[in-house]
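Encoded as structure tokens, the structure appears first; notes follow it.
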Amino acid sequence: MGYKLKEGIFYAKSDEWVSLNEDIATVGISDYAQDKLGDIVYLEEVTKGKKVKQGEVFTTIESVKAASDLNAPVSGEVIEVNADVVSTPSIINQDPYDKGWIVKIKVENPSEVNNLMSDKEYSEYRKE
Amino acid sequence: MKYIPNTDNEKKGMLKEIGVSSFNELIKDIPENIRLKRALSIPGPFDEEEIKERVYLIAGKNVNFFSFKPLIGAGAYRHYIPEVIKAIVSREEFYTSYTPYQPEISQGNLQSMFELQTHLAKLTGMDVVVPSLYDGASAVAEAVLMAVRITHKNRIIVSSLVHPHYREVITTYTEPHDIEIIELPFDKGCTDFSDLKNQLNANTAAVVVQSPNFFGGIENIAAIASEIHDTGALLIHSIAESISLGLLTAPADMGVDIVAGESQSFGMDLNFGGPYNGYLATKTRFLRQLPGRIAGETVDKNGKRAFVMTMRAREQDIRREKATSNICSNHALNIVAANVYLSLLGKNGLYQVALLNTKAAHYLKRKFAETNNFEVFEYPFFNEFVVKSKIDISEVKNRLSRKSFIPPLRVDRFYKKCENYLLFTVTEIFKREELDKIIEILGVSR
Amino acid sequence: MKLIYEKSVEGRKGYFLREDPYKEISLKDCIPEYALSRTKKELPEVSEVDVVRHFTVLSKLNYGFDDGFYPLGSCTMKYNPKLNEHLALLDNFIYAHPCVDEDFVQGSLQIIYELNQYLSEITGMDQFTLSPAAGAHGELTGVLIMRKYFMDRGELRHKMLIPDSAHGTNPASAAMADFNVVEVKSNKRGGIDLVELHKLMDEDTVGLMLTNPNTVGLFDENIEEIAKVVHSKGGLLYYDGANLNALLGIARPGDAGFDIAHLNLHKTFSTPHGGGGPGAGPVGVKKHLVRYLPTPIVSYNGEKYFFEEVGEKSIGRLSAFFGNFSVLLKAYVWILSMGDEGLKETAKTSIINANYVMSKLKKFYKPVYDRFCMHECVLTGREYKKYGVKTLDIAKRLMDYGFHPPTIYFPHFEPYAEETIMIEPTESESKENIDLFIDTMIKIAEEIKAHPEIVKQAPHITPISRPDEVRAARNPTLIFKEINENR
């Protein structure tokens, strides 16, 4: 597949990624997702303290001609929002895995990542 | 055949090139069972002259409306429409074009949308405008749904002097959604807000007030704004007679959150009720909850100013069941009409028209007060006011129509208890002498 | 181009109104201070000549049907007869107030009444409401009727089946009636997947919203079976009339098992699109649903036309008044112009024209389904991707040759319909115009191979080149503000 991947992180079927550092999860969208969306113009702001559940919508992301709900890849509480991507959403297009992270979540149950895919599995899943 | 250029011979030739011997081969997918095997029982085809005669005859069954000036408004107003508007909206480039999905060949429509957005922003004081929904009724219904989405609450308080048809449309739109609707009573010509405090609660999404209201009354909106906002609810201002904006305080300056208006008065014919044109105006922070099309300014590849439809991810063709509304076609041609009207009248013209409406209506009301046949009421109003008739209502109708006036609205049509009340509407189309004549007709005892 | 605001000159007037004849009345005595704007609203100040020139120039930046070929699939951009426009502007119609007593408006009511009858006959439905203002407004009416029907039967149903090929308005409308949208896949022949339909249709399902011919331009050959499946579980079958043009006088939704149908008078019945509206979206129903129609409807007692309330089961009111009367009138006039014979010829010609386009272009642009189509054909621009050219580019290039592009990227459903180019020539187009379009499409295919850049940068000769839509969405400028202006 022609899309960038990052190793050591987990991927959801709905194209979000999560990287876990103890009980803090950093969440973003995959290179595949940003490419499919095209130029991202807007990210609905998530409020700090918001409780999210694995697989449920936590925010919405928009490009010129598409809009997509983002599902929380893990359950927990939003403890930090990337203000840079809220003000300049194009960062997600440029650097989806690093500067383009979206929120940090204090996870309730780290074992939830077992429901997600590894980079290899995700690569297979999004093979075109 | 009329409007079909290709001849039978050409069609035969085309069928041959397609590779079939008959038209029927092309429609094999349509099961025989459901084919129509008879002629449709409809009249025609008629030639152009025959049709004109037929339709002229039918038109003749209406009263001669042009010479019958209406003393009725109630959400549909006869104002003078400058000829320029018809000349512009009857240009084929405007009326035969499609939705401006291809901005390179739609700058006329797109710029016009942007200009009307600006006009309406100037009139309402708001930041963002949806320049076209179907009408004032669907606009206020969409505003209510919008408020529910924004606040995640579901109680709506509506003034009973919001146009009765608008209230019915609100009910139709909200009925599937577990939304509770509370009505505020009225007192004389304005809403009675004394109970508002008790009705407002933590679950209230919005309060809907129309001003000028159905009785023409001007509501003191600024006075209720803060108590509404204190509970976290939004204030929706419905406007059926937008000419009033030429004179009245901008809604944004009164604490209004969403304006839901009808722009028929801006250059649109009465047309037996449509097409008119609704609009919404609100604050930037509610932009993404707006339904309908919005134009935005940008530049083209060469840096030249350009307009496009923007914030499109709200719309049904992109968001499908998660869209802010299902609206697709709007009343785009009426955007052009309203834009031309407001451009032409401009800063001074709109003020003048609004002023003349106010004064003419007040003149007539004062004259009524001097007769013995009508009881008048003291409340601030724009160009419509309610009186109680001491003469029989059908007598009022007869006297006026005999002299080529369309009689005013019987209020008991919508408010059962208001028997013998009439809602008079007076726009700038009435000359002072005509108003004197009306007094002459109605002021005498017999 | 400059905005009307940038042409404003202080003190200039475009409108002259007689002098205030009520000098004795003071404005302050009429309107309380709290309600009176302290300043005049800052609209532009321009002359009548300024306005006429401004809008005339603006109009020339637009492309209308009268300018040339407009093959927008699913939009039925047919000719808007001038006769219709003339008759819709008769004084007795345009000055008719909607709230007057019925004896003042017998003519307007007659138009509404008779159009209702004609539409019922054309579609095989029993009764129409003419009040919906547009197709989507008709859909809302339709789904609310479906909702009311089940409530009335004491049933609570939650799901609405909608094919993956449907217009976005269908799911959006279903959501407005609070139904959960369930997508039904298309099969490899371009119709509804019957196996899946059987699986999905249950007693919690309101029904199916179906466009037929569908958005890939095919008539669903299994329509009888589809109706059977939906009805067997007590569901209702909804007809989206976007593509009725193909069926006029040939087949009627009412005979094919549909319970409810909306039409688009601005598509099938020749009324103009007006740059996006106003249209009209009448909704017709079978007898068992008449009592749920929006209120009021127009009836006739042999002497007089009058409004009738539908009754307590009605879904209520949809519009401030009775819908878009002038649009209804234009459709009425068109029907009289065509008659039975003309309607049949309309359908037939539109189908021949579309198949002709497909037969000539399918070598160059692979059809989504290689079968005879109805009134529109759906091709794809997929094979040009390898030259770095997108379907969008092909559409843009057509403008340089004086055509309005077809609908692109719709319908979109995987794996069948991607990079679609949806062409609906309608009956209005002559063979030589269609040939010119075909030749141009072939020429563009050649250009892509030889000089892809020309196509990728297109259009070249339009009033503007491609606009920066990303910039428009990222930094929205939605009204004109003087302070931001440094042009």
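Is it the case, given these coordinates, that C:K386 is outside the structural domain of C:S165 (by TED's automatic domain parsing) and in a helix (DSSP H, G or I)?
Spelling it out, C:K386 is indeed outside the structural domain of C:S165 (by TED's automatic domain parsing) and in a helix (DSSP H, G or I).
For region A:91-112, what are the residues that are surrounded by fewer than 21 Cβ atoms within 10 Å (Cβ to Cβ), in contact with a Leu (Cβ under 9 Å, 6 or more places away or on another chain) and either modelled with pLDDT under 95 or aliphatic (A, V, I, L, M) (or both)?
Correct list: A:P110 only.
Checking the condition closer than 25 Å to B:N271 by Cα and either surrounded by 24 or more Cβ atoms within 10 Å (Cβ to Cβ) or touching a residue at least 40 places away in the same chain (Cβ under 8 Å) (or both), which residue from B:N357, B:N398 passes?
B:N357
Residues C:T391, C:T426, C:T380, C:T477: which one is touching a Ser or Thr at 6+ places or on another chain (Cβ under 9 Å), within 11 Å of another protein chain (Cβ to nearest Cβ) and more than 23 Å from B:S112 (Cβ to Cβ)?
It is C:T426.
Quick one: would you say B:L36 is in contact (Cβ under 8 Å) with a residue 12 or more places away in the chain and out of contact with any His (no Cβ under 9 Å at 6 or more places or on another chain)?
No; evaluated as a whole, the condition is false for this residue.
Which condition number does C:E345 fail, the rest of (1) in contact with a Lys or Arg (Cβ under 6 Å, 6 or more places away or on another chain); (2) within 7 Å of another protein chain (Cβ to nearest Cβ) being met?
Failed condition: (1).
Each row is one residue, and each column tells you yes or no for (1) within 20 Å of B:T298 (Cβ to Cβ); (2) surrounded by fewer than 21 Cβ atoms within 10 Å (Cβ to Cβ).
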{"position": "C:H412", "(1), (2)": "no, yes"}
{"position": "C:Y416", "(1), (2)": "no, no"}
{"position": "C:T420", "(1), (2)": "no, no"}
{"position": "C:I423", "(1), (2)": "no, no"}
{"position": "C:I444", "(1), (2)": "no, no"}
{"position": "C:P459", "(1), (2)": "yes, no"}
{"position": "C:T462", "(1), (2)": "yes, yes"}
{"position": "C:N475", "(1), (2)": "yes, yes"}
{"position": "C:K481", "(1), (2)": "yes, yes"}
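Is there any pair with a first residue in region A:60-78 that is touching a residue at least 40 places away in the same chain (Cβ under 8 Å) and a second that is in a loop (DSSP other than H, G, I, E, B) and basic (K, R) whose Cβ atoms are under 7 Å apart and which are 6 or more apart or on different chains, and what are they?
Listed pairs, sorted by first residue: A:A72/A:K53.
Kindly indicate whether any position in region C:317-330 is at the interface with chain B (Cβ under 8 Å from one of its Cβ atoms), among the charged types (D, E, K, R) and more than 20 Å from B:D8 (Cα to Cα).
The answer is yes, given that some residue of region C:317-330 is at the interface with chain B (Cβ under 8 Å from one of its Cβ atoms), among the charged types (D, E, K, R) and more than 20 Å from B:D8 (Cα to Cα).
Just one of (1) out of contact with any Leu (no Cβ under 7 Å at 6 or more places or on another chain); (2) under 30 Å from C:K41 (Cα atoms); (3) of a type in the set (S, T, Y) trips up B:S112, so point out which.
Among (1) out of contact with any Leu (no Cβ under 7 Å at 6 or more places or on another chain); (2) under 30 Å from C:K41 (Cα atoms); (3) of a type in the set (S, T, Y), B:S112 violates only (1).
Are any residues in region C:356-366 touching a strand residue (DSSP E or B) at 6+ places or on another chain (Cβ under 7 Å) and in a helix (DSSP H, G or I), and if so, which ones?
C:V357, C:M358, C:L361
Condition (residue is among the small types (G, A, S) and out of contact with any Ser or Thr (no Cβ under 7 Å at 6 or more places or on another chain)) applied to region C:30-40: is it met by at least one residue?
no
Do any residues in region B:1-22 that are at the interface with chain C (Cβ under 7 Å from one of its Cβ atoms) and surrounded by 18 or more Cβ atoms within 10 Å (Cβ to Cβ) have Cβ atoms under 7 Å from those of residues that are part of a loop (DSSP other than H, G, I, E, B) and acidic (D, E), where the two are at least six apart or on different chains, and which pairs are they?
Close Cβ pairs satisfying both conditions: B:I4/C:E427.
Which one of the conditions (1) assigned to a loop (DSSP other than H, G, I, E, B); (2) within 22 Å of C:F104 (Cβ to Cβ); (3) within 21 Å of the chain's Cα centre (by Cα) does C:T295 fail to meet, given that it meets all the rest?
Status for C:T295: all satisfied but (3).
Determine if region C:356-372 includes at least one residue that is crowded, with 23+ Cβ neighbours inside 10 Å and either touching a His at 6+ places or on another chain (Cβ under 6 Å) or not hydrophobic (A, V, I, L, M, F, W, C) (or both).
Yes, some residue in region C:356-372 is crowded, with 23+ Cβ neighbours inside 10 Å and either touching a His at 6+ places or on another chain (Cβ under 6 Å) or not hydrophobic (A, V, I, L, M, F, W, C) (or both).
Checking the condition facing another protein chain (nearest Cβ under 8 Å) and under 27 Å from C:F322 (Cα atoms), which residue from B:P82, B:P100, B:P131 passes?
Every option except B:P82 fails the conditions.
Looking at region B:306-425, what strands (runs of 3 or more DSSP E) fall wholly within it and have at least 1 residues that are closer than 30 Å to C:R53 by Cα and not aliphatic (A, V, I, L, M)?
Once the strands (runs of 3 or more DSSP E) in region B:306-425 are filtered for at least 1 residues that are closer than 30 Å to C:R53 by Cα and not aliphatic (A, V, I, L, M), nothing remains.
Output the residues belonging to region B:283-308 that are at the interface with chain C (Cβ under 7 Å from one of its Cβ atoms) and of a type in the set (G, A, S).
Of everything in region B:283-308, those that are at the interface with chain C (Cβ under 7 Å from one of its Cβ atoms) and of a type in the set (G, A, S) turn out to be B:G296, B:A306.
Tell me which residues, restricted to region B:49-59, are surrounded by fewer than 16 Cβ atoms within 10 Å (Cβ to Cβ) and over 30 Å from the mean Cα position of the chain (by Cα).
B:E49, B:E50, B:E53
Suppose we filter C:E453, C:E418, C:E446, C:E414 for residues that are assigned by TED's automatic domain parsing to the domain that holds C:D370, without any contact (Cβ under 8 Å) to a residue 40 or more places away in the chain and touching a helix residue (DSSP H, G or I) at 6+ places or on another chain (Cβ under 9 Å); which single one remains?
One residue alone meets the criteria, C:E418.
Condition check ((1) out of contact with any Ser or Thr (no Cβ under 7 Å at 6 or more places or on another chain); (2) of a type in the set (S, T, N, Q); (3) in the same structural domain as C:N62 (by TED's automatic domain parsing); (4) within 18 Å of B:P31 (Cβ to Cβ)) across all residues:
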residue: C:D255; (1), (2), (3), (4): yes, no, no, yes
residue: C:L265; (1), (2), (3), (4): no, no, no, no
residue: C:S270; (1), (2), (3), (4): yes, yes, no, no
residue: C:V285; (1), (2), (3), (4): yes, no, no, no
residue: C:H288; (1), (2), (3), (4): yes, no, no, no
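Within region B:60-86, take every residue that is part of a helix (DSSP H, G or I) and surrounded by 22 or more Cβ atoms within 10 Å (Cβ to Cβ) and give me the one that is modelled with the lowest pLDDT.
My answer is B:F65.
Sort through B:G278, B:G274, B:G246 and tell me the only one that's closer than 25 Å to C:Y34 by Cβ, facing chain C (nearest Cβ under 10 Å) and touching a residue at least 60 places away in the same chain (Cβ under 8 Å).
B:G246
The values are calculated or read from the model by the stated rules, or taken from the named source; none is laboratory data. Here the structure is a predicted model, which is why all the values come from computation and not from measurement. Positions of Cβ are generated from backbone atoms using ideal geometry, with glycine treated the same way; all protein chains shown enter the neighbour counts.
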